[in-house]
Amino acid sequence: MMMFIGEYQHNLDEKGRLAIPAKFRGQLSEGAVVTKGLDNCLSLFTKEGWEFEAERLMALPLTQAKARAYARFMLASAFPVEIDKQGRVNVPLSLRDYAGIMGSTVVTGLGDHVEIWAPVAWEEYKSHIEKDSVNIAEELGI
């Protein structure tokens, strides 16, 4: 089973290419999809992982406005990407703008996919979650 874990600092070059952490490249070598993620980050899925996610999104009831909105949010912003010989993917400008990514990034593993964050947004999010981790665990029954 493929699993993405860890936190890495990487830079976006002037052409919008992001170096993928070496530990993630093998899992993404068959192609990937990048899309908007929750909490103003980007989500990067393996090709297979994206197919599963897209099927799940397409199974949502179109009669419910929130289901349509979420499916549109994820599917309309999705772009297929390939890893080049230097281990980089091209992140579309619209997605960079959404996540506020300009140069440096934080690339995190989230099990079945990768998240790409603007460093300031990641630190703010992480600080909040770390302070509230006990309450979150209790609410989830962990």
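For this structure, a couple of remarks:
- Failed criterion for THR46 (all others in (1) open to solvent by less than 60 Å² (accessible area, probe 1.4 Å); (2) among the polar types (S, T, N, Q); (3) closer than 23 Å to VAL120 by Cα hold): (3)
- Boolean, PHE73 is surrounded by 11 or more Cβ atoms within 10 Å (Cβ to Cβ) and part of a helix (DSSP H, G or I): yes
- Residues that are among the polar types (S, T, N, Q) and more than 19 Å from ILE101 (Cα to Cα) within the range 1-30 comprise GLN27, SER29, listed in sequence order.
Conditions tested, residue by residue: (1) out of contact with any Ser or Thr (no Cβ under 9 Å at 6 or more places or on another chain); (2) not aromatic (Phe, Trp, Tyr).
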site: ARG56; (1), (2): yes, yes
site: ASP84; (1), (2): yes, yes
site: SER94; (1), (2): no, yes
site: LEU110; (1), (2): no, yes
site: TRP117; (1), (2): no, no
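- Every pair of residues 6+ apart whose Cβ atoms lie under 8 Å, when the first sits in the range 40-64 and is over 21 Å from VAL114 (Cα atoms) while the second is modelled with pLDDT under 95 and basic (Lys, Arg): LEU60/ARG68; LEU62/ARG68
- Looking across GLU130, GLU30, one residue alone is outside any helix (DSSP H, G or I) and of a type in the set (Asp, Glu). It is GLU30.
- In the range 74-95, the residues that are among the hydroxyl-bearing types (Ser, Thr, Tyr) form Cβ pairs under 6 Å with partners that are open to solvent by 50 Å² or more (accessible area, probe 1.4 Å), at six or more places apart or across chains, as follows: SER77/LYS36.
- Residue match in the range 52-62 (condition: exposed (fewer than 14 other Cβ atoms within 10 Å of the Cβ), in a helix (DSSP H, G or I) and of a type in the set (A, V, I, L, M)): yes
- Within the range 76-92, the set of residues being over 20 Å from LYS23 (Cβ atoms), part of a loop (DSSP other than H, G, I, E, B) and open to solvent by 50 Å² or more (accessible area, probe 1.4 Å) comprises just one member, ALA76.
- Residue match in the range 100-123 (condition: of a type outside the set (Lys, Arg), crowded, with 19+ Cβ neighbours inside 10 Å, in contact with a Cys (Cβ under 6 Å, 6 or more places away or on another chain) and more than 21 Å from LYS15 (Cβ to Cβ)): yes
- In the set GLY6, GLY26, GLY16, only one residue is free of Cβ contacts under 8 Å to residues at least 24 places away in the same chain and open to solvent by less than 80 Å² (accessible area, probe 1.4 Å); that residue is GLY26.
The values are calculated or read from the model by the stated rules, or taken from the named source; none is laboratory data. None of these values were measured; they are calculated from a predicted model. All Cβ positions, glycine included, derive from the backbone under ideal geometry; neighbour counts span all protein chains shown. Just the protein is used for accessible areas: all its heavy atoms, side chains included, with ligands, DNA and RNA removed. Shrake-Rupley method; radii C 1.70, N 1.55, O 1.52, S 1.80 Å.
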